[in-house]
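> Can you keep this structure in mind? I'll have questions shortly.
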Amino acid sequence: MMSSVMESGLPVQTGKRLINVRTTPDGVTVQFEDGSLANGDLLIGTDGIHSRIRTLLNALLGGLSHDVPTYLVSTLFFGVEVALVSGTYESIVYDTLLEQTGQSHAFEKRLGQVKLLNSLALIISSLTGGLVATVLSPRLAYFATIPLVTISLGALLTFKEPHLHHAEGRTSLKSHLLAISQTIFQPGKTLRIVTVLLATSLLLSVIFEFGPLWQLALAAPVGLYG
């Protein structure tokens, strides 16, 4: 993301630790550890570690499922995960670049490269997962995902993330959840958008996960699904 921003001509400052964030009527004001302030219309954060934890839990729930209801729970959990991250990164960065610079070609090019690598990884993992499920067991295919996700989580933990608040001025989890709930359930389009996005992700997740049932009816090898 930083490379795309720099290629678009926006100024980038590195090496500063964020310690406080304050929302104002005009946008957002952030305070750094050296005492300097910065103002902007939008503050963007990353969700790398949290997304890895959700993936880890999804694999664990799938591996531990022992009947249709418990497997359905793991499937719906995956649908919620998809709904939480679907399109937010791309849309926020794209809209910001377009507003600030009038063009976003560099970001689109970089995003396309990332999506291509992600697609190749999905193909390889699907074929590998199908092979593991056929040779060993479908349950082991789930559990085999856990160490890989744990390795990626360990890599993310090596990055130093900024402190968003002073230790003496931390906001409680209850306050954060209340602010999120007020934003989601406020009158207007937000609630409808969130509801449609969540319902679509849950439905597609169920359809995708229970697709292999036709293979059972035809007595086809489970690896074919990969």
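> Being within 17 Å of the chain's Cα centre (by Cα), within 30 Å of H66 (Cα to Cα) and modelled with pLDDT of 75 or more narrows it down to one residue among L140, L111, L127, L122; which is it?
On the way: L140 fails: within 17 Å of the chain's Cα centre (by Cα); L111 fails: within 30 Å of H66 (Cα to Cα); L127 fails: within 17 Å of the chain's Cα centre (by Cα).
None of the others qualify; the one that does is L122.
> Can you find, within segment 144-168, the residue that is modelled with the highest pLDDT among those that are farther than 28 Å from L61 by Cα and in a helix (DSSP H, G or I)?
E168
The rows are residues; the columns are (1) surrounded by fewer than 12 Cβ atoms within 10 Å (Cβ to Cβ); (2) at pLDDT 70 or above; (3) β-branched (V, I, T).
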residue	(1), (2), (3)
V30	no, yes, yes
E33	no, yes, no
I53	no, no, yes
H66	yes, yes, no
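The values are calculated or read from the model by the stated rules, or taken from the named source; none is laboratory data. Values in this document were obtained by computation on a predicted structure and should not be read as measured data. Every residue, glycine as well, gets a Cβ built from its backbone with ideal geometry; the counts of neighbours run over all protein chains shown.
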